[in-house]
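See structure below.
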Amino acid sequence: MIKYLLLTCMLFISVCNPVYASTTANLGLTLVDSDATFNGKFKHNIEKGKWQSNYEAAYVFKKSDGVEKTNDLYFQFKENYELTDKSYVIGVAQLDYDKFRTAYDMRTVVGAGYGYKILRTDNWKVSNEVSLAFLKSDSNELIIRNSLWASYKFSDNLSLSNKLLYESGNDMYLRNSTDLMYKLTDKVSIGVGNTYTDNIETRNIFTINLAIKFK
């Protein structure tokens, strides 16, 4: 199911004709004796008139002493439609796979809501989104989602971003992703990231990344 979802999104990207598009891929690999860690992130943004499409994917795999410890995939597609300079409506589809989650390995979310651009300056960008969504995991339920996103530009080359996602439900879901990136060229950046998740159990993943911007 995961590969078909990703294939559908990639086909959509290939046939669209956006006014503005941006694609970034982050890769990290660590090999020490019998320990191996791989992490990858993918972001693709499309803007066309009042519409904005956002694709985001993250994958982490870790093996220690020959034993698989982590196998996580996170994917989100979000469509925004601008109402005013500061407000917009959203539609979202999200997939979260964790091979070692005790109760279930897959949770999917589909919902719609409202977003507001709280702050826009030369250095700061802050937005908040609230949505009502349908969650499928080991059961089906209606949940409330809130996503707070902030970024700060220290200079033309150095930036910090943080995205906090909260989802209600029988098993509360919390995901906080932080990235500190330094731009080496217009196409290449290096940086560090940390992703904290709390859903049945907590997990904290620190990564060192190489980011390549394709568009």
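None of the figures in this text is laboratory data; all of them are computed from the coordinates on show. Everything numeric in this text was worked out from a predicted model, so none of it was measured. Quick reminder, even Gly has a Cβ in these numbers, built from the backbone with ideal geometry, and neighbours come from all protein chains shown.
Considering helices alone, the calculated mean residue ellipticity of the chain at 222 nm is -2000 deg cm²/dmol, with DSSP H runs of length four and up weighted by -39500 (n - 2.57) and normalised per residue. In the set [x] 7, 31, 39, 19, 3, 0; [y] 9, 36, 37, 16, 3, 0; [z] 9, 30, 30, 19, 9, 3, 1, 0, the label that goes with P(r) over Cα pairs in 10 Å bins from 0, in percent computed for this structure is [x].
Distance distribution note for the stretch 112-163: the fraction of Cα pairs above 19 angstrom is 45%.
If the chain linking ALA112 and THR185 were pulled fully straight, counting 0.36 nm for each residue of separation and taking away their Cα-Cα distance, it would gain 22.6 nm.
For the stretch 102-143, what is the relative contact order in percent, using Cα pairs closer than 8 Å and at least 6 residues apart in sequence? With pairs under 8 Å counted, the relative contact order is 40 percent. In a Gaussian network model over the chain where Cα atoms closer than 10 Å are linked, find which of ASN45, ASN140, ASN176 has the largest mean-square fluctuation. Highest fluctuation among the options: ASN140. Between GLU141 and SER64, the FRET efficiency estimated from the beta carbon spacing at R0 = 41 angstrom works out to 0.75. Once both labels are positioned 7 Å from their Cα atoms along Cα-to-Cβ, the gap between LYS86 and ASN162 label points is 2.2 nm.
Extension gain for SER22-GLU47 works out to 8.1 nm (0.36 nm per residue, less the C-alpha to C-alpha distance). Quick one: of LYS125/LYS213; LYS153/LYS187; LYS99/LYS153; LYS69/LYS117, which pairs are farther than 29 Å apart, Cα to Cα? Cα-Cα > 29 Å for LYS99/LYS153; LYS69/LYS117; rest within. Between ILE208 and ASN176, the contour length at 0.36 nm per residue exceeds the Cα-Cα span by 9.9 nm.
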